[in-house]
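Chemist: There's a structure below that I have some questions on.
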Amino acid sequence: MSISMRVKLAVCLFAFASCLPAYSAMPKSQIWLAELGEHFSAKPITENTAYFNQPLVTDSGVYYTAEVSADGNSQTDLFFYDFQSQNTTNLTQSPVSEYSPTLHPNGEGLTTIVVEGSGKQKLWFYPFDQATKPSRVFEHIEPVGYHAWGSNQDLIMFILGATESAPHTLQYTDINGHLPQILAEDIGRTLSYNRARDVFAFTYQVNGLMWFATYHRESDHIQRFFALPSQVQDYTWLDDNKVAYSLDNKIYYRDLNAPKKVHLLRNLRSYCQTSISRLSFFDNKLAFVCHSED
């Protein structure tokens, strides 16, 4: 698929009954892009005046979530930063909020969490083909927070607890209409799939510690590898074996073949003096979120 096709998502052409209410408390943040090749460099690809978050690095650019405001109301749309042109495009421009852009495994669009006009959070498919309207992936599964696709039309999802005291759960399902299977509780927000290992990856709390773990669907087995530092919520894969995360604005990684040993990848304090949260890595490019002091 050409770059032009990838950066042009269908705009929502249908109207919702009501629009999203204002989100005035969105934390300000900025997305940076670092080149980790022979000659290191890093630069911001967004401003730091609003909420810019949830980057996804691909071969052609970075998808991310950004706050947009109009008439005193705020919501989020999906954006794309193109490596070749270094231009940014608002992909959705819809009356609702979209979060967590993820490439659909068919290569024909993005899946995203949509806060519908009713307030329900559901998983939607937004095609790259502008002639095709966006559509819900599941009618019966909600409220969805995050998700990651596998290689067999299957996926894991972060399902929010039904009440404030109820734990968030990790649920596994496929697009064939099977009921979701609950895999774990008290899970973290970063979900992923490792094709080489054929495992889904996630984090969850066990006895007060947040563990990095994988789930193998064929064996129905969860394996814990290491406990993350208490301040860490997010991670990204560097390759088939290495997992990276940020601590005190330094990027560390662990190899799953020897997970107890911690390696320093890069010190990013000179680029972000506050705190780094979400990370996304692909082809020597690392996107990271630097939070505002506000």
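The values are calculated or read from the model by the stated rules, or taken from the named source; none is laboratory data. Model, not experiment: these values are computed from the prediction. Note that each Cβ is placed from the backbone with ideal geometry, even for glycine, and that neighbours are counted across all protein chains shown. These area figures cover heavy atoms from the full protein model, side chains too; ligands, DNA and RNA do not enter into them. Shrake-Rupley method; radii C 1.70, N 1.55, O 1.52, S 1.80 Å.
Chemist: Show Lys285, Lys43 ordered by accessible area, largest first, where the area counts protein heavy atoms only and the probe is 1.4 Å.
Modeler: So, going from the largest accessible area down, we get Lys43, Lys285.
Chemist: With every protein chain kept in the model, how would you rank His168, His39 by accessible area, 1.4 Å probe, largest at the top?
Modeler: Largest accessible area first, the residues go His39, His168.
Chemist: What percent does the relative contact order of the chain come to when contacts are Cα pairs within less than 8 Å and at least six residues apart?
Modeler: Working: 722 pairs, mean separation 45.5, N = 294.
Averaging sequence separation for qualifying contacts and normalising by length gives 15 percent for the chain.
Chemist: Just report the Cα centroid separation between segment 232-282 and segment 120-157, whole Å.
Modeler: About 28 Å separates the Cα centre of segment 232-282 from the one of segment 120-157.
Chemist: Hey, another quick one. Could you tell me the number of lysine pairs in the chain with C-alpha atoms less than 17 Å from each other, where the two lysines are 8 or more residues apart or belong to different chains?
Modeler: Count of close lysine pairs: 10.
Chemist: Here is a further query. In the full protein assembly as shown, how much of Leu56 is accessible to a 1.4 Å probe, in Å² to the nearest 10?
Modeler: 40
Chemist: Give me the accessible area of Ser270, 1.4 Å probe, in Å² rounded to the nearest 10.
Modeler: About 90 Å², ignoring ligands and nucleic acids.
Chemist: Between Asn241 and Gln181, what is the FRET efficiency for a Förster distance of 22 Å, r being their Cβ-Cβ separation, to the nearest 0.05?
Modeler: Values: r = 27 Å, r/R0 = 1.22.
Given R0 = 22 Å and the Cβ-Cβ separation, E is 0.25.
Chemist: Counting Lys +1, Arg +1, Asp -1, Glu -1, what net charge surrounds Arg269 among other residues with beta carbon under 11 Å of its beta carbon?
Modeler: +1
Chemist: Say we join alpha carbon atoms closer than 10 Å with springs in a Gaussian network model of the chain; which of Gln93, Gln231, Gln205 then has the biggest fluctuation?
Modeler: With Cα springs under 10 Å in the chain, the top fluctuation among Gln93, Gln231, Gln205 is at Gln231.
Chemist: For segment 151-294, max minus min Cα coordinate along each principal axis, in Å, sorted largest first?
Modeler: Here the Cα extents, ordered largest to smallest, are 48, 36, 28 Å.
Chemist: Name the long-range amide H neighbours of Thr58: under 5 Å, sequence gap of 5 or more, or other chain; modelled H, no Pro or chain starts.
Modeler: For Thr58, the qualifying residues are Tyr63.
Chemist: Net charge around Asn257, counting only other residues with Cβ within less than 12 Å of its Cβ (Lys, Arg = +1; Asp, Glu = -1)?
Modeler: With Lys, Arg at +1 and Asp, Glu at -1, the net is +2.
Chemist: Relative contact order for segment 183-294 using alpha-carbon pairs under 8 Å, separation at least 6, rounded to a whole percent?
Modeler: Details: 213 pairs, mean separation 17.4, N = 112.
Answer for segment 183-294 is 16 percent.
Chemist: Quote the accessible area belonging to Ile276 in square angstrom, nearest 10, computed with a 1.4 Å probe and with ligands, DNA and RNA left uncounted.
Modeler: My reading of the accessible area for Ile276 is about 20 Å².
Chemist: Counting Lys and Arg as +1 and Asp and Glu as -1, each charge on the Cβ, what is the dipole of segment 198-294 about the Cα centre in debye, to the nearest 20?
Modeler: 340
Chemist: When the C-alpha atoms of segment 77-148 are aligned to their principal axes, what extent does each axis show, in angstrom, from largest down?
Modeler: 39, 25, 24
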